[in-house]
Amino acid sequence: PGTYQHSLMVANLAERAASEIGANSLLTKIGAYYHDIGKMKHPEYFVENQKDIKNSIHNKVSPKNSAKMIISHVSYGIELAKKYGLPKVIIDFIPEHHGTSLVKYFYHKALENGEKVLEEDFRYPGPKPRSKETAIVMLADSVEAASRTLEKPTSTKIKELVDKIIADKINAGQLDECELTMKDIKKISDSFVDTCLVFIIKG
């Protein structure tokens with residue numbers, strides 16, 4: 001249920017942002033609906049599906065194994081999409097919405113535990129987003145997940161959060177292979193803030 005709601009919210013964020021920059025909004029919305037289907041194999045490993053974070057299944061496994069399970073939703077999602085005959089243009093959203101991002105939480109947790117850490121064990125396999133549409137879903141995915149953690153959200157807090165997430169993706173090189181311009185990114189950011197205000201603050 002958590003992943004279902006997450007996907008609907010990502011679709012809302014992404015569809016509107018795509019419209020703002022003249023990208024394919026219908027493709028973006030459908031891609032967002034399917035981007036996380038791989039989570040159906042082990043839904044309990046994902047925070048949006050956990051009722052009690054303090055008793056999370058991740059407390060019972062190593063950070064490396066946690067990261068492995070999280071990352072595996074991409075390969076399983078592709079497998080599932082192919083099994084049911086989804087077109088490639090939709091399948092592309094599954095790996096590209098994470099690109100080659102680092103699973104930061106478990107990477108840093110492993111470091112804190114003094115484990116021998118290889119960064120590649122904590123990175124998604126990619127590829128990075130290669131279209132405006134998959135890039136928008138990458139950004140919307142991160143914004144939606146992070147916005148749920150905001151305490152007493154305000155328009156200022158939401159804008160700061162959106163700006164930080166987008167800047168992090170740019171600095172990590174995750175948007176290097178798509179065709180988004182800085183003008184596009186500004187419009188996407190403004191759209192995300194507006195949509196979050198409607199769904200988070202106004203309810």
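Expressed as a whole number of Å, what is the distance separating the alpha-carbon centroids of segment 39-98 and segment 156-177?
About 22 Å separates the Cα centre of segment 156-177 from the one of segment 39-98.
How large, in Å, is segment 60-122 by the Kirkwood hydrodynamic radius built from its alpha-carbon pairs? Could the numbers behind the result be given before it?
On the way: mean 1/r = 0.0776 Å⁻¹.
Final number for the Kirkwood radius of segment 60-122 is 12.9 Å.
When the chain is modelled as a GNM with alpha-carbon springs shorter than 10 Å, which of 17, 81, 32 fluctuates the most?
81
Using the structure shown, select from 51/152; 116/159; 83/109; 64/186 the pairs with a Cα to Cα distance greater than 26 angstrom. All intermediate terms of the calculation are to be shown ahead of the outcome.
Values: 51/152 21 Å; 116/159 37 Å; 83/109 35 Å; 64/186 36 Å.
Exceeds cut-off: 116/159; 83/109; 64/186.
Which whole-percent values make up P(r) of the chain when all C-alpha to C-alpha distances are grouped in 10 Å steps starting at zero?
9, 35, 38, 17, 1
Considering only protein heavy atoms, what per residue accessible area in square angstrom results for the chain with a 1.4 angstrom probe? The partial results should precede the final answer.
Working: 10930 Å² over 203 residues.
On a per-residue basis, the chain sits at 54 Å².
In the chain, carbon and sulfur make up what percent of the accessible area (probe 1.4 Å)?
Values: 5920 of 10930 Å².
In the chain, the share of accessible area belonging to carbon and sulfur is 54 percent.
Note down the Stokes-Einstein diffusion coefficient of segment 133-172 in µm²/s, whole number, using a Kirkwood radius over alpha carbon pairs, 10 °C, and 1.306 mPa s.
The diffusion coefficient I find is 152 µm²/s.
Using a ≥ b ≥ c from the Cα gyration tensor of segment 159-203 (square roots of the eigenvalues), is it rounded, prolate or oblate, where a/c under 1.5 gives rounded and otherwise the larger of a/b and b/c decides, a/b for prolate?
The shape class here is prolate.
The values are calculated or read from the model by the stated rules, or taken from the named source; none is laboratory data. What you see is a predicted model, and the numbers here were worked out from it, not measured in a lab. Accessible surface is based on the protein model in full, side chains and every heavy atom, while ligands, DNA and RNA are left aside. Shrake-Rupley method; radii C 1.70, N 1.55, O 1.52, S 1.80 Å.
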